[in-house]
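Since the structure comes first, as structure tokens, the remarks are kept for the end.
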Amino acid sequence: MCDSSHRRRPGQRTKPRKKAALPSRRALIGTAMIAVAALVGHAVNAETADRPNKPRRIVSLNLCTDDLVLRLADRANVASVSWLSRDRGISNVADLAMQVPINNGFAEQVIPLDPDLVFAGRYTARPAVALLKRAGFKVLEIDIARSLDEVRDQIRMVAGAVGEPERGERLIAEMDARLDELARKVPRRRLRVLVLNPNGFTSGAGSLVDSIIVAAGLKNAAADLGYTGFGQMPLEKVATSDVDVLILNGRHDGLPSLATELLHHPVLARLPPRTALFALPPRFWSCGGPAMVEAIERLSHIAAGLRATEPSE
Amino acid sequence: MRSEAAAEQHARSYPTLVIGLAALVLALFCISLAIGYAPLDLKQAIGDAVAGRPTLAALVLTELRLPRALIGALVGFSLGITGAAMQGLMRNPLAEPGIIGISGAAALGAVTTFYFGIAGTVSLALPLGGIAGAAAATFLLFVLAGGGVGTMTLILAGVAINSFAGALTSLALNLSPNPYAVSEIVFWLMGSFADRGMPYVLLVTPMMAIGWALLLAAGPALDGLTLGEDTAKSLGFDVGRLRLQLVGGAALSVGSAVAVTGAIGFVGLVVPHLLRPLVESRPGPLLLVSGLGGAALTLAADIMVRLIPVTPELKIGVVTAIIGAPFLFSLIYRLRAEA
């Protein structure tokens, strides 16, 4: 597994194994890379060649940054993304991730790739991030997006960092066009919705899921009940919250755990019919990215379907 | 030697003790039903549930609170009675399912069937896994420290079984393909009654009941065993069969208990220890009262867990350990003083 996921690029073979004098060594490799790039032209497309300052060995350590990097950067410039992004249950870019090497968030896997840009989440792979920073690598830490505006900012930031600002703007424009389309359908009544995650966690006010719910023209029941951010909600409270829509954010791939078993508790199946149950997999809302527009679309579609069956007042 | 008068007094006070403990269990059971996270009008909820009205209150009562209280009582009874039986059989006050590794091995058995999807296809596999683990540990314990060996050997055998089972449980959780599995080791090591639904109650009750019956039936033989193995044999008790019966009973009750709630420590230690003076140290009568006492202790601990405002909810094993560990210390201190 190690060999296949860390195939080195031609330029790196010249790298000395000594640990000292890292920056100068990296500069040397950089020069070597440019020279080699001319020789192995098929690996580097024409656009990249136009911009010599563009990072060419991008590493991403976090599922959410994987998503943006794989969408925005040229595949040839992505040296490695996290192993999670190949998991179809949580990743929206699993197909793209199959085409690049993966890492498990260990510094040891990253350093041999000699990355010129590393993306990491603010809360993940902390030991690796600390080590990479100490070794002088350029690490960009991306916070968890909590609103659509923050998602737009992050797309711009990542697009700029990988040297593809136009692609970022295009992606944002596509998202906004779809959101505008949804905004035209103003709901008559805002249905109350609750999102239940594995282990009984729910997303309250100020969370990404909250902004998805609001953008879909619904009301987040967890926020109404005083939950902020990510908080655990006892099943008793879930059962008595009396919401219109209960969304179970669980994967149905038959991998058992106590955390996901909670979503199959008999009490949820026996809730009165006025509460509609839906399953929406985690890949829509684990990260703030273009996929969240799809989550908003699905939610407003669900809401529209429910409103259609409602008796009109 | 007990005097005739004391024996007579005991014969009179034993039913009182059993009824008193049963009343305590019932009271705690009702408190457990009344306590929860959602405001609930218990009277109305019971009325709705009995009348079959599918209100939210009835739903919370029947699908969440009732199974939780039932599991609390069943598991506590199992742990208490098994502790008393093990202590009687090994003639050692430290023989407790948690300390000597039976619970840990049961957790390993349950984890293996649960995380690798066997319990998902055959639901009975979960308690059977726990029972197999518990039986293996009890058997191993007898091989290592069977038949009246010193406390030291027993405890060391328990330490060995416990750490081995714990390591293998951790390994099984690491190998599980579900990303949540690894963090769930706390449940298996510390136990919880939270959100275990009615299907689990129905799944484990028959097995537990068989286990209790096996243990309770061993009462007279355990009394005979207090006079020594040879005397017990001369009194007509088959000591080999007794051992097998107790190992089977312990495995069935603790194995199925741990399979649904994780390992909850110290219940089988504290309860028989507290109640032993009340039954004049006779292991036979101690069985039933320890079961009831165990049920009362776990119900009380589970009530406490829900009253302490900590989220995520405290694991019940944390509470029983805080209560139980001082008992263990005092027992060890006393054994040391006797040595």
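What follows draws every value from the coordinates through simple rules; no lab data is involved. The structure presented is a predicted model; accordingly, all values stated were derived computationally and were not measured. As a convention, Cβ positions derive from the backbone with ideal geometry for all residues, glycine included, and neighbour counts pool all protein chains shown.
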Cβ neighbours within 10 Å from other chains - mean over B:56-65:
5
In Å, what Kirkwood hydrodynamic radius results for segment A:178-269 from the alpha-carbon pair distances?
13.9
Descending semi-axes in Å of segment B:107-196, equivalent ellipsoid built from Cα gyration tensor:
27, 14, 11
Over all Cα pairs of segment B:1-131, the Kirkwood radius sets Rh, and Rg/Rh then becomes 1.11
At 10 °C and 1.306 mPa s, the Stokes-Einstein diffusion coefficient in µm²/s for the protein assembly as shown, with hydrodynamic radius from the Kirkwood sum on alpha carbon pairs, is 56
For A:Val78, distant residues with modelled amide H under 5 Å away:
A:Ile58
Chain B: angle of helix B:198-217 to the longest principal axis, Cα-based, in degrees nearest 10:
10
Asserting the computed 222 nm helical MRE of chain B (DSSP H runs at least 4 long, -39500 (n - 2.57) per run, divided by residue count, to nearest 500) equals -25000 deg cm²/dmol
Taking alpha-carbon centroids only, segment B:133-177 lies from segment A:134-190 a number of Å equal to 54
Beta bridges per DSSP with both ends in the protein assembly as shown, % antiparallel, nearest 5:
15
FRET efficiency for B:Ser13 and A:Met98, Cβ-Cβ distance as r, R0 = 56 Å, nearest 0.05?
0.15
Positive minus negative residues near B:Arg306 (Lys, Arg vs Asp, Glu; Cβ under 13 Å)
0
Fluctuation leader among B:Leu328, B:Leu108, B:Leu292 - chain B, Gaussian network, Cα springs under 10 angstrom:
B:Leu328
Lys and Arg at +1, Asp and Glu at -1: add these up for the other residues within a Cβ distance under 12 Å of A:Ser82 and post the number.
-2
Taking only Cα atoms, what is the 0 to 90° angle, nearest 10, from helix B:66-90's long axis to the longest principal axis of chain B?
20
Can you tell me the FRET efficiency between B:Ala23 and A:Arg189 if r is taken as the Cβ-Cβ distance and R0 is 56 Å, rounded to the nearest 0.05?
0.60
On each of the three principal axes the extent of the alpha-carbon atoms of segment A:79-200, given in whole Å and largest first, is 56, 40, 27
Sorted largest first, the Cα spans of segment B:69-338 on the principal axes come out in Å as 56, 36, 32
Sequence-distant residues sharing a close amide H with A:Ile102 (under 5 Å, placed H):
A:Val81
Quick check on my link table: of A:Lys185/A:Lys237; A:Lys219/B:Lys315; A:Lys54/A:Lys133, which ones sit more than 24 Å apart, alpha carbon to alpha carbon?
A:Lys185/A:Lys237; A:Lys219/B:Lys315
Using the Cα atoms as the points, what is the convex hull volume per residue of segment A:217-313 in Å³?
130
Full-extension gain between B:Asn174 and B:Val50, please, as 0.36 nm times their residue separation minus the C-alpha to C-alpha distance.
40.2 nm
Chain B: angle of helix B:316-338 to the longest principal axis, Cα-based, in degrees nearest 10
10
For segment B:221-339, inverting the pair-averaged 1/r of distinct alpha-carbon atoms gives a Kirkwood value in Å of 16.4
